[in-house]
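All remarks here apply to the structure that follows.
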Amino acid sequence: MFIKTFKQLTKKDVNIAGGKGASLGEMLNNKMPVPPGFVVLAGAFDRFLQETDLAQEIDAQLEKVNYDDVNSVDRASNVIRDLIHDAKTPEDLEKYIVGGFKKMKCKLVAVRSSATAEDSSVASWAGELESYLNTTEKTLLANVKKCWSSLFTPRAIFYREEKDLRETHVSVAVVVQEMVESEISGITFTVHPVTQDKNQLIIEAGWGLGEAIVSGSITPDSYVVEKFQISNNKSQTNPKFKIQNSKQLQFEIIDINVAEQKKQIVRCLRKGVKWVSVPKSKREKQKLTGKQIIELAKLCAQIEKHYKKPQDIEWAFKGGEFYIVQSRPITTL
């Protein structure tokens, strides 16, 4: 079996679905609002390497790398990625992948790399591998191969060395997920990433698709929410935007920082995505309302509670609904 739907995966499947794929399956099966999809399992990439006899060539290129020389890393990356690009994917793998896409019955998907050594307590490959938004059936196979080869970008090669994973077998699965054409998107850290205060979470939000924030191309709004335990049902005085999540946990917005946003990433039929100007009426507007901030905070706290670890969560908002597109443990605390 070379593909599995999210419903067929749990957090125990990191070795076959990568951290991203396993986490999406885990959340979907626990009734989190995750857009549907499937994972091209790591075994498909391993099979591709075996059928094309590329494994030895890739190892040989990595052996030549001088990690003190950026040009040496770049050369190895370019050679390896070209080898993967030029090699023919086995026909049965292509049929599985395209078949999985057709069963989804949607026009556009997001295609994301998911390393099998990803999002562990030791290492998180966040930002090291590639993603491709607004992928069609026509571009699906090419984008899957690009995700496979992104295991060998210069950044990923350096990262493997930095985390002492050179002798560890690292493969890559590929997440194929229904595309959410988000009106607003962003990231939530369920522990304050600067102060490391476990009683505060940070939400970052921007107009358009989330790649603008993830890539660091825009300055998003940031909202600090305090999450705290209560010992009884008595309300505290004047809690701004406070909503009770359970008998024990409450939330209160303690800081709102609105950032001007002049450009956003949106869907483009011909190019996949493109940068466009944000309408002047929205440039200085707060992205999420107080009620929406609390709703998202509750959802993200629920994910943190499920995993029993602080989480770095990517989300999207469309048509009045929040969707979770990724969650991984914060490994920098």
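Every number in this text was worked out from the coordinates using simple rules, so none of it is lab data. Model, not experiment: these values are computed from the prediction. Positions of Cβ are backbone-derived with ideal geometry, glycine not excepted, and every protein chain shown enters the neighbour counts.
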Q: Please give the contour-minus-distance gain from residue 98 to residue 198: 0.36 nm per residue of separation, less the Cα-Cα distance, rounded to one decimal in nm.
A: 31.7 nm
Q. For the range 68-211, what is Rg from Cα atoms divided by 2.2 N^0.38 Å, rounded to two decimals?
A. 1.21
Q.
Full-extension gain between residue 63 and residue 273, please, as 0.36 nm times their residue separation minus the C-alpha to C-alpha distance.
A. 71.9 nm
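Rounded to the nearest 20 Debye, what is the dipole magnitude of the chain about its Cα centre when Lys and Arg each give +1 and Asp and Glu each give -1 at the C-beta? Don't skip to the answer; put the middle values down first.
On the way: 48 positive and 42 negative charges, 358 e Å.
That gives the chain a dipole magnitude of about 1720 debye.
Only Cα pairs under 8 Å and at least 6 apart count here; give the relative contact order of the chain as a rounded whole percent.
On the way: 670 pairs, mean separation 60.3, N = 333.
Here the relative contact order equals 18 percent.
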Q: Of the options 9, 175, 293, report the single residue whose Cα projects farthest towards the positive end of the charge dipole of the chain (beta-carbon charges: Lys, Arg +1; Asp, Glu -1).
A: 293
Q) Build a GNM of the chain with springs between Cα atoms under 10 Å: which of 228, 45, 189 gets the top mean-square fluctuation? A) 228
Q.
On a 27 Å Cα-Cα criterion, which of the cross-link pairs 263/305; 12/298; 20/280 come out too long?
A. 263/305; 20/280
**Q.** Of 276, 310, 193, farthest towards positive along the dipole that unit charges on Lys, Arg, Asp, Glu beta carbons give the range 184-329
**A.** 276
(Q) Can you tell me the length gained on complete extension of the stretch residue 7 to residue 70, counting 0.36 nm per residue apart and subtracting the Cα distance? (A) 18.5 nm
Q) Straight-line reach from residue 138: which aspartates and glutamates have Cα under 15 Å away, leaving out those fewer than 8 places along the same chain? A) 94
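Quick check on my link table: of 107/318; 107/291; 145/309, which ones sit more than 25 Å apart, alpha carbon to alpha carbon? Numbers along the way, then the final one.
Values: 107/318 17 Å; 107/291 32 Å; 145/309 32 Å.
Distance filter (> 25 Å) returns 107/291; 145/309.
Relative contact order for the range 184-329: what is it in percent, counting Cα pairs under 8 Å that are at least 6 residues apart?
Details: 294 pairs, mean separation 37.0, N = 146.
The normalised contact order for the range 184-329 reaches 25 percent.
Could you list 67, 223 so that the one with the fewest beta carbons within 10 Å of its beta carbon is first and the one with the most is last? The partial results should precede the final answer.
Values: 67 13, 223 28.
In order of increasing Cβ crowding within 10 Å: 67, 223.
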Q | Relative contact order (%) - the range 30-112, alpha-carbon pairs under 8 angstrom, separation at least six | A | 34 percent
Q: Return the aspartates and glutamates within reach of residue 95: Cα separation strictly under 18 angstrom, same-chain partners fewer than 8 residues apart disregarded; answer none if there are no such residues.
A: 46, 51, 137
Q: Quick one: go through the range 310-333 and flag any residue whose amide nitrogen is under 14 Å from the point 7 Å out along the Cα-to-Cβ line of residue 163.
A: 328-333
(Q) What is the ratio of the Cα radius of gyration of the chain to 2.2 N^0.38 Å, with N the residue count, to two decimals? (A) 1.04
